[in-house]
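**Student:** Sharing a structure here in structure tokens format.
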Amino acid sequence: MNTIAETVRNLFVSNGLVTAFLLVGTITFFSYGISRRLTNGLLHGSAIAIITGLSLAYAGGILTSGSKGLADIPLFSGIGLLGGSMMRDFTIVSTAYGADFNELKKSGLAGAFSLLFGVPLSFIVGAAIAVYFGFTSAVDIATVGAGTVTFVVGPVTGAALGAGSDIIAISIAAGVVKSIAVMAITPFAAKFIRIDTPKTAMIYGGLMGTTSGTAAGMAATKPALVPYAAMVATFYTGLGCIVCPSILYYALEVIF
Amino acid sequence: MIYGVALVALCFFLGNFVGAFLGHMIGLNSNIGGVGFAMIFLLLATTYGMPFMERNPPVADGIRFWQEMFIPVVVAMSASQNVVRALSSGHVAIIAGLVATVASFFFIPLFARIGGKGILDEKFAEGGEGR
């Protein structure tokens, strides 16, 4: 009896990616069922699936005290491959097929403006909160601010400015919180803020920036708008890596 | 069908190459918008290659399959986030992340006024899926 259970377990573990297909398919099936029956389609099925994913990630993190959520449980390690940056980026690229190139040219300017405004906005918010919580050195404040931009910009900036590893850890956490908040809040906020056109999707991508967050948030709101939001958002981290350790840091240094 | 998948892969690498090259030029060791450039390449390839794609539907199917797989990938991605760390990281990180998110949302309507209406605005506002 024990050996049968073990054989089944081994089968799942050694075919991780296939296990992930089955698991995600199951989550999606129940999420769409809940969306139809319990919320009458008001809350998108993918939004429920993403929130379920985040809850499972929490459970996985508590069980294993690892850093990759559910993927740290050996049985579900394939989730880490399916949801890793390689698959994320590949599928995001594929969403560009079917987008309207003229629309992109016409509304691209608003997207670019929101990008130039979005990075400093998140940086200033993060920096202001760091100051409020008693950080005094310009390096620390800039690192927390950069982390609030995205969890990639934080460590890049921290390393460039020579911040301590504890500060870098906070900056990464701030970016992760933002990314998860964008995933979870977008389906609700999109109704009030009206993110329902390619143009507003591009602005959303430029202001939020976090690729994972905007991709998931948009997927749970209006999948046809994913390419517009994602295309702008992918330039956000790059821009952040350029301006945070330089212009924005120097500006802080003048103040502190 | 594999042609469509390979085309996405080709654009993926071309875009990331441009992104890495840009990052190198500026002196950063990171990739600047590689995925964005890849999307622009795919968009150009499919816009100008539309007659070819219409004659060979499987090519488009190869792209569409991965397009459909995007949401499952996002679900898997959300299941592999470090949620515990985000929730236990102390007040600074949580408040900074949340306030930045909410503040950014509030600026969307403001930027929506730049440069007039988009071409597809009406189509999407009517509740169509646009695709």
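**Student:** Scan the helices (runs of 4 or more DSSP H) fully inside region B:29-97 and keep the ones with 2 or more residues being at the interface with another protein chain (Cβ under 7 Å from one of its Cβ atoms) and among the polar types (S, T, N, Q). Spell out how you get there, then give the answer.
**Tutor:** Working: elements: B:34-48, B:50-55, B:57-68, B:70-79, B:83-87.
It comes to B:34-48.
**Student:** Can you find a residue that is in contact (Cβ under 8 Å) with a residue 12 or more places away in the chain, closer than 15 Å to B:A79 by Cβ, outside the structural domain of A:A181 (by TED's automatic domain parsing) and not acidic (D, E) anywhere in region A:37-46? Quick ask: steps written out before the conclusion?
**Tutor:** Looking only at region A:37-46, we keep the residues that are in contact (Cβ under 8 Å) with a residue 12 or more places away in the chain, and these are A:43-46.
Imposing the further condition that a residue be closer than 15 Å to B:A79 by Cβ reduces the set to A:46.
From the residues that got through so far, the ones that are outside the structural domain of A:A181 (by TED's automatic domain parsing) too are A:46.
Filter once more, so that each one left must be not acidic (D, E): A:46.
Yes: region A:37-46 contains one or more residues that are in contact (Cβ under 8 Å) with a residue 12 or more places away in the chain, closer than 15 Å to B:A79 by Cβ, outside the structural domain of A:A181 (by TED's automatic domain parsing) and not acidic (D, E).
**Student:** Further question on the same structure: Within region B:15-26, count every residue that is more than 10 Å from chain A (Cβ to nearest Cβ) and either surrounded by 15 or more Cβ atoms within 10 Å (Cβ to Cβ) or in contact (Cβ under 8 Å) with a residue 40 or more places away in the chain (or both).
**Tutor:** Of the residues in region B:15-26, the ones more than 10 Å from chain A (Cβ to nearest Cβ) are B:17-18, B:20-21, B:24-25.
After this cut, where a residue has to be either surrounded by 15 or more Cβ atoms within 10 Å (Cβ to Cβ) or in contact (Cβ under 8 Å) with a residue 40 or more places away in the chain (or both) as well, the list is B:18, B:20.
Result for region B:15-26: 2.
**Student:** Just to verify a result, which residue in region A:118-142, among those that are in a helix (DSSP H, G or I) and either facing chain B (nearest Cβ under 7 Å) or of a type in the set (S, T, Y) (or both), is nearest to B:F65 (Cα to Cα)? Please lay out each step first, then the result.
**Tutor:** First, the residues of region A:118-142 that are in a helix (DSSP H, G or I): A:118-132, A:138-142.
The next check asks that each one be either facing chain B (nearest Cβ under 7 Å) or of a type in the set (S, T, Y) (or both); those that pass are A:118, A:121-122, A:125-126, A:129-130, A:132.
Working: A:G118: 33, A:L121: 37, A:S122: 35, A:V125: 40, A:G126: 39, A:I129: 43, A:A130: 44, A:Y132: 48 Å.
Once the filter is applied, the top-ranked residue is A:G118.
**Student:** Can you tell me which residue in region A:79-97 is surrounded by the most Cβ atoms within 10 Å (Cβ to Cβ), limited to those that are at the interface with chain B (Cβ under 7 Å from one of its Cβ atoms) and over 16 Å from B:F37 (Cα atoms)? Spell out the reasoning first.
**Tutor:** Quick first cut of region A:79-97, residues at the interface with chain B (Cβ under 7 Å from one of its Cβ atoms) only: A:79-80, A:82-83, A:87-97.
Retained after the next criterion (residues that are over 16 Å from B:F37 (Cα atoms)): A:79-80, A:82-83, A:87.
Values: A:I79: 31, A:G80: 21, A:L82: 28, A:G83: 29, A:M87: 21.
Going through the qualifying residues, I end up with A:I79.
**Student:** Then there is this: Here are B:A45, B:A76: which of them is surrounded by 19 or more Cβ atoms within 10 Å (Cβ to Cβ) and touching a helix residue (DSSP H, G or I) at 6+ places or on another chain (Cβ under 6 Å)? Steps first, answer last, please.
**Tutor:** Details: B:A45 fails: touching a helix residue (DSSP H, G or I) at 6+ places or on another chain (Cβ under 6 Å).
Being surrounded by 19 or more Cβ atoms within 10 Å (Cβ to Cβ) and touching a helix residue (DSSP H, G or I) at 6+ places or on another chain (Cβ under 6 Å) holds for just one of B:A45, B:A76, which is B:A76.
**Student:** Working only within region B:2-28, note down all residues that are within 19 Å of B:L44 (Cα to Cα) and of a type in the set (G, A, S).
**Tutor:** Selection gives B:G4, B:A6, B:A9, B:G15, B:G19.
Residue-by-condition table, conditions (1) buried (at least 21 other Cβ atoms within 10 Å of the Cβ); (2) of a type in the set (V, I, T); (3) more than 26 Å from A:T237 (Cβ to Cβ); (4) in the same structural domain as A:T210 (by TED's automatic domain parsing):
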residue: A:T28; (1), (2), (3), (4): no, yes, yes, no
residue: A:S67; (1), (2), (3), (4): no, no, no, no
residue: A:S77; (1), (2), (3), (4): no, no, yes, no
residue: A:S114; (1), (2), (3), (4): yes, no, no, yes
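**Student:** Any residue that is closer than 16 Å to A:L248 by Cβ and within 7 Å of another protein chain (Cβ to nearest Cβ) - is there at least one of those in region A:149-159? Talk me through it step by step, then tell me what you get.
**Tutor:** Of the residues in region A:149-159, the ones closer than 16 Å to A:L248 by Cβ are A:149-150, A:152-159.
From what is left, the residues that are within 7 Å of another protein chain (Cβ to nearest Cβ) are A:156.
The answer is yes, given that some residue of region A:149-159 is closer than 16 Å to A:L248 by Cβ and within 7 Å of another protein chain (Cβ to nearest Cβ).
**Student:** Hey, could you check region B:24-43 for residues that are within 13 Å of A:T237 (Cβ to Cβ) and under 19 Å from the mean Cα position of the chain (by Cα) and say which is modelled with the lowest pLDDT?
**Tutor:** B:S30
**Student:** Residues that are at positive phi and surrounded by 24 or more Cβ atoms within 10 Å (Cβ to Cβ): which helices (runs of 4 or more DSSP H) entirely in region A:172-256 hold 2 or more of them? Steps first, please.
**Tutor:** Numbers: elements: A:198-208, A:211-219, A:226-243, A:249-255.
Answer list for region A:172-256: none.
**Student:** Right, another one. Can you tell me which of B:H91, B:H24 is out of contact with any Gly (no Cβ under 8 Å at 6 or more places or on another chain) and more than 22 Å from A:T211 (Cα to Cα)?
**Tutor:** Result: B:H91 is the single residue among B:H91, B:H24 that is out of contact with any Gly (no Cβ under 8 Å at 6 or more places or on another chain) and more than 22 Å from A:T211 (Cα to Cα).
**Student:** Let me ask you something else. Can you list the helices (runs of 4 or more DSSP H) lying wholly within region A:1-113 that have 2 or more residues being within 23 Å of the chain's Cα centre (by Cα) and of a type in the set (G, A, S)? Even if it seems obvious, please write down each step before you answer.
**Tutor:** Numbers: elements: A:2-14, A:16-37, A:45-64, A:78-82, A:85-94.
In region A:1-113, A:16-37, A:45-64, A:78-82, A:85-94 are the helices (runs of 4 or more DSSP H) which contain 2 or more residues that are within 23 Å of the chain's Cα centre (by Cα) and of a type in the set (G, A, S).
**Student:** Separate question: State all residues of region A:181-198 that are more than 7 Å from chain B (Cβ to nearest Cβ) and modelled with pLDDT of 90 or more; if no residue qualifies, say none.
**Tutor:** A:T186
The values are calculated or read from the model by the stated rules, or taken from the named source; none is laboratory data. Bear in mind the structure is a predicted one, so any value in this text is a computation, not a measurement. With ideal geometry, Cβ positions are generated from the backbone for all residues, glycine too; neighbour counts draw on all protein chains shown.
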